Amino acid sequence: MEYIGGVVKALLSPLFAAFVIAALGYALGGIKIKGISLGTAGVLVMALLYGIFVSYVPSITIGGKEIVLYSAEVKKTFSTFSSLGTALFVTAVGLIAGPKFFRNFNKKTVGYLLMGLVVILTGALITVLIITVFKVKTPMALGLMTGALTSTPGLSAAKEMFEGTDAENLVTAGYGIAYLFGVLGVVFFVQLMPRFLKTDMDKERELVENASIAVKDDGKKRYKLDALDFFPFMVTVALGMVLGSFKIPGINFSLGSSGGTLIMGLIVGHIGHIGKLDISVSKKTTNFFRELGLALFLIGAGVPGGVNFISNVSVVNFLLGVLITIVPMIVGFLFGKYVFKFRIFNNLASITGGMTSTPALGTLISTTGTDEISGSYAATYPIALVLVVLTAKIVAMIL
């Protein structure tokens, strides 16, 4: 019995659960209904379901021994998965976009920056409306906002404003309620809009790829330290983590691991080499880490999200979170189409950046069949990341 208990304990460990969640999630994500699928976001659904399960069954007893399925320690393990996944995914996106990002910097890039402003400010205005009209408590409303915009840095900033009080728990509860639709809403939006507008996907893909500036090879012989380009990738992640850890005095703001690794990925991708040392990363390697990172992020964020969702769910608050997710996307899309004149692929990619939605970008790349759109995400994401943190602090101070 002790042997069986040991085997069961190993099989019910967070690591084993992560692989099972990923396997079932990819199976679910591969199912298409009228051309629409969850894709990698299927991993999130399975992670949320697992989180819901362990919220009801946090432990089981076998052979007189208690096996813990979910606890503060287990939550830390999933948090590590989330942080690791974010670093890998965002670094890969930065490296993919980097070679062309700075060369393509023009008036449209300013439009991408403004898109981040439009999306986040729209979300903030709805949050203020919810507080003043619906009389939702400010901590809960800020939790709903950061969950609807899937912004972990925003959540941290909002919690910091109420640290040490009961209101801090309301922020976390609101985040858990809104996070589910915050992810899935953007994932479905970027798939449904091209269908709704009857977009010629092949034509749009061709236009996006032809409009990108080619990166010329100067023909000089350079040396790689490893065949798979793991060295430059890992160095980029490490440097990005360092960059993300620096805090701006006064507002106590930092880019965090996601912002730091994205910017460092853009820089390293742009540089490409140091003297005779080749630090470029092949597309196969960036694609691998992008997908692996996305899966880890969804598992790490989804399981605690499922636990929080069940323990704090409220129909009214859930619908308010849906509102904060949908309206900024619609407003942003209209601005992108009619004001900034973006092609639809770039428009949707910019919205995923403005909504700080990592899984939606992965879905959009699969839907469009091109990773050239990563640059639009990369141009919008940093400003959105900064703004959601600042708006969370400002709303908390004035309301």
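Data overview
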item: Cβ-derived FRET efficiency at R0 30 Å, Ser79 paired with Met234, nearest 0.05; result: 0.90
item: Most mobile of Val268, Val110, Val315 in a GNM of the chain (Cα contacts under 10 Å); result: Val315
item: For region 285-298, 3J(HN,Hα) per residue [Karplus equation, 6.51 cos²θ - 1.76 cosθ + 1.60, θ = phi - 60°, Hz, x = Gly/Pro]; result: 5, 5, 5, 4, 5, 5, 6, 4, x, 4, 4, 4, 4, 5
item: Val316 versus Glu163: modelled label distance in nm, points set 7 Å from Cα along the beta carbon direction; result: 3.2
item: Given Lys100/Lys247; Lys100/Lys393; Lys135/Lys393; Lys65/Lys159, the pairs whose alpha carbons are separated by over 25 Å; result: Lys100/Lys247; Lys100/Lys393; Lys65/Lys159
item: Relative contact order [Cα under 8 Å, 6+ residues apart], the chain, whole percent; result: 32
item: Two-decimal Rg/Rh across region 74-209, once Rg and the Kirkwood Rh are taken from alpha-carbon atoms; result: 1.04
item: Cβ-defined net charge surrounding Arg343, 14 Å radius [Lys, Arg +1; Asp, Glu -1]; result: -1
item: Cleavage-rule hits (trypsin sites (Lys or Arg not before Pro)) in region 130-171: DSSP loop, at most 15 neighbouring Cβ within 10 angstrom; result: Lys135, Lys137
item: Sequence-distant residues sharing a close amide H with His273 (under 5 Å, placed H); result: Ile279
item: Order of Val389, Val235 - criterion: other Cβ atoms within 10 Å of each residue's Cβ, fewest first; result: Val235, Val389
item: Relative packing of peptides 173-179, 237-243 - highest average C-beta neighbours within 10 Å first; result: 173-179, 237-243
item: Region 325-390 shape via C-alpha gyration tensor axes, a/c threshold 1.5; result: oblate
item: Anisotropy class of the chain from Cα gyration tensor, a/c 1.5 cut; result: oblate
item: Relative contact order (%) - criterion: Cα under 8 Å, at least six apart; region: region 332-399; result: 32
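Read-outs throughout are calculated quantities, based only on the coordinates presented, and are distinct from any laboratory measurement. Here the structure is a predicted model, which means the values were calculated and not measured. When we count neighbours, we look across all protein chains shown, and the Cβ atoms used for this are built from the backbone with ideal geometry, even at glycine.
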